[in-house]
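Enquirer: Let me begin by handing over the structure; questions about it come next.
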Amino acid sequence: MPTNILMPALSPTMEKGKLAKWLKKEGDSVKSGDILAEIETDKATMEVEAVDEGVVGKILIAEGTDDVAVNTPIAVLLGEGEKASDIKAQAAPAAPKPAAPAAAPASPATAKAEAPAAKPQAAAPAAKTNGQAGGRVFVSPLARRIAREKGIDLAGLQGSGPHGRIVLKDVETAKPGAKAPAAAAAGAPAQLAAPMADDAIVKLFEPGSFEVVPHDGMRKIIASRLMQAKQTIPHFYLTITCDLENLLGVRERLNAHAPRDKEKNPAWKLSVNDFVIKAMALALQRVPDANATWTEGGMLKHRHSDVGVAVAIEGGLFTPVIRKAETKTLSAISLEMKDLAARARKRRLAPHEYQGGTTAISNLGMFGIENFSAVINPPHATILAVGAGEKKPVVVGDKIEIRTQMMCTLSVDHRVVDGALGAQLLQAFKVLIEEPALMMA
């Protein structure tokens, strides 16, 4: 039987994607591993591979189509001996049964196209309204979590996903009337006021004095996650100043002695940020209680320092992760970071390269920013905001010297890290930055 090629889930939270481009056309032969299409998610453009061989019999979803739900048939693959006439009418393919995104396959899923089976007469299916069937609410895990955090009653929502499933968009656009009753369990946090409505905001500005630029998927996800972070994570902030004179000297000498190829190009060129990544990774190993993640069931104590590093791209940012950074040399970190950053700017990172991590670093020093506070990116418990290294007069003993100073601010999840523990982490970081030879011990 002809095989349906389904819209794949390219990340645990993906519910919909854009079918950006078909790389095969109807009638083309394909084999396992061939690239069929490009899919745009909220974070990246990724390639979809064929998992079987055959001929593309019919394309069901045109390229450029937005908001294609995960597991929706996007094309039909014909096997050996099968003809286009074997394809049943699929102008409007029925959406498949909803599946939790976390359990969806990361590669293109396939399913045999079969003639509809006769419905059994013994029991009729339960009626379904507002994303419910037989009293059960069909909702994606992400939408359920955000609804719970915002106090939104799922029973009052109309789902727009497959089979009326409630998805993130439905929760984000829920009106205040969809909120759960005011009565809440003892100890539950008070609900925040609803944000200002769009039409109320627009009325504040003169007509014709602005244009409306629709949010893309990345901007929506950034807004959702940062709102979640500020509403659910009790932030506090610690700032410390690090002396960079020793580090800059070590960096200069290491770069000068980097191996060179036949064209005299160095094998690496270390940046201050490479030292910051390594120092943060080692500091978390020296203060292991700060290398943790909050869950309602218990604290996750991490064995390794997986350091995310914010990379600005057009319209948003990525936070690719350097895994087990405490085990890697400065040159290895530098080369890996350059590769991740380059692919991030092209939106070519795979989900496992930017998801997870145990902490993060955001460096705005290259823009001349002296000091700032970053928003924690869940599930992290900390994020280090790094400012510019600037020459300043500093009291050294009884003398005033001009030395390069760098201010760093640690944003901390107070559920995980208390003030004294956060201070210990920053102090360990400062020691490593000011005595960079310790990073190579």
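The values are calculated or read from the model by the stated rules, or taken from the named source; none is laboratory data. Please read these numbers as outputs of a predicted model, since none were measured by experiment. All Cβ positions, glycine included, derive from the backbone under ideal geometry; neighbour counts span all protein chains shown. The accessibility values were calculated without ligands, DNA or RNA, using every heavy atom of the protein model including side chains. Shrake-Rupley method; radii C 1.70, N 1.55, O 1.52, S 1.80 Å.
Enquirer: Run His235 past the list (1) within 30 Å of Glu40 (Cβ to Cβ); (2) surrounded by 10 or more Cβ atoms within 10 Å (Cβ to Cβ); (3) not aliphatic (A, V, I, L, M) and report the number of the one that doesn't hold.
Expert: Here His235 meets the rest and fails (1).
Enquirer: From (1) more than 14 Å from Thr239 (Cβ to Cβ); (2) touching a residue at least 24 places away in the same chain (Cβ under 8 Å); (3) open to solvent by 70 Å² or more (accessible area, probe 1.4 Å); (4) not aromatic (Phe, Trp, Tyr), pick out the condition that doesn't hold for Asp413.
Expert: (3)
Enquirer: Within the stretch 312-335, which residues are of a type outside the set (S, T, N, Q) and more than 30 Å from Asp216 (Cα to Cα)? Working first, answer last.
Expert: Going residue by residue through the stretch 312-335, those that are of a type outside the set (S, T, N, Q) are 312-318, 320-326, 328, 330, 332-333, 335.
Residues satisfying the conditions are Lys324, Ala325, Glu326, Lys328, Leu330, Ala332, Ile333, Leu335.
Enquirer: Among the residues of the stretch 329-337, are any of a type in the set (D, E, K, R) and at pLDDT 95 or above? It would help to see each step written out before you state the result.
Expert: Filtering the stretch 329-337 down to residues of a type in the set (D, E, K, R) leaves 336.
Pick out the ones that are also at pLDDT 95 or above and you get 336.
The answer is yes, given that some residue of the stretch 329-337 is of a type in the set (D, E, K, R) and at pLDDT 95 or above.
Enquirer: Residues of the stretch 376-393 being in a loop (DSSP other than H, G, I, E, B), open to solvent by 40 Å² or more (accessible area, probe 1.4 Å) and more than 14 Å from Phe318 (Cα to Cα), which ones?
Expert: Narrowing the stretch 376-393 to residues in a loop (DSSP other than H, G, I, E, B): 376-381.
From what's left, open to solvent by 40 Å² or more (accessible area, probe 1.4 Å): 377, 379.
The answer is Pro379, and nothing else.
Enquirer: With the requirement that a residue be over 15 Å from the mean Cα position of the chain (by Cα), closer than 16 Å to Ala69 by Cα and hydrophobic (A, V, I, L, M, F, W, C), what does the stretch 5-58 give you?
Expert: Correct list: Ile5, Leu6, Met7, Leu19, Ala20, Ala37, Ile39, Val48.
Enquirer: Identify the residue in the stretch 199-220 that is part of a helix (DSSP H, G or I) and not aliphatic (A, V, I, L, M) and, among all such residues, is nearest to Met14 (Cα to Cα).
Expert: Residues of the stretch 199-220 that are part of a helix (DSSP H, G or I), as a first pass: 199-202, 217-220.
Then keep just the ones that are not aliphatic (A, V, I, L, M); that gives 199, 217, 219-220.
Values: Asp199: 29, Gly217: 11, Arg219: 15, Lys220: 13 Å.
If we take residues in the stretch 199-220 being part of a helix (DSSP H, G or I) and not aliphatic (A, V, I, L, M), then Gly217 is nearest to Met14 (Cα to Cα).
Enquirer: Can you work out which of the residues in the stretch 234-268 that are part of a helix (DSSP H, G or I) and in contact (Cβ under 8 Å) with a residue 24 or more places away in the chain is farthest from Lys430 (Cα to Cα)?
Expert: The qualifying residue farthest from Lys430 (Cα to Cα) is Leu254.
Enquirer: For Gly81, state whether it is on the phi > 0 side of the Ramachandran plot, at pLDDT 85 or above and of a type outside the set (Phe, Trp, Tyr).
Expert: On the way: on the phi > 0 side of the Ramachandran plot: yes; at pLDDT 85 or above: no; of a type outside the set (Phe, Trp, Tyr): yes.
It is false that Gly81 is on the phi > 0 side of the Ramachandran plot, at pLDDT 85 or above and of a type outside the set (Phe, Trp, Tyr).
Enquirer: For the structure I just gave you, tell me whether Asp398 is under 17 Å from Gly308 (Cβ atoms) and among the charged types (D, E, K, R).
Expert: Details: under 17 Å from Gly308 (Cβ atoms): no; among the charged types (D, E, K, R): yes.
The answer is no for Asp398.
Enquirer: Can you confirm whether Ala223 is assigned to a helix (DSSP H, G or I) and in contact (Cβ under 8 Å) with a residue 60 or more places away in the chain?
Expert: Numbers: assigned to a helix (DSSP H, G or I): yes; in contact (Cβ under 8 Å) with a residue 60 or more places away in the chain: no.
No.
Enquirer: Within the stretch 421-441, is even one residue among the charged types (D, E, K, R) and either assigned to a strand (DSSP E or B) or buried (at least 22 other Cβ atoms within 10 Å of the Cβ) (or both)? Explain how you work it out, then say what you get.
Expert: Going through the stretch 421-441, the residues among the charged types (D, E, K, R) turn out to be 430, 434-435.
Then drop every residue that is not either assigned to a strand (DSSP E or B) or buried (at least 22 other Cβ atoms within 10 Å of the Cβ) (or both), which leaves none.
The answer is no; no qualifying residue exists.
Enquirer: Then there is this: Restricting to the stretch 6-41, name every residue that is assigned to a loop (DSSP other than H, G, I, E, B), at pLDDT below 85, over 20 Å from Glu82 (Cα atoms) and not β-branched (Val, Ile, Thr). Spell out the reasoning first.
Expert: Quick first cut of the stretch 6-41, residues assigned to a loop (DSSP other than H, G, I, E, B) only: 7-15, 23-28, 31-34, 41.
If we keep only those that are at pLDDT below 85 too, we end up with 9-15, 32-33, 41.
Pick out the ones that are also over 20 Å from Glu82 (Cα atoms) and you get 9-15, 33, 41.
Selection gives Ala9, Leu10, Ser11, Pro12, Met14, Glu15, Gly33.
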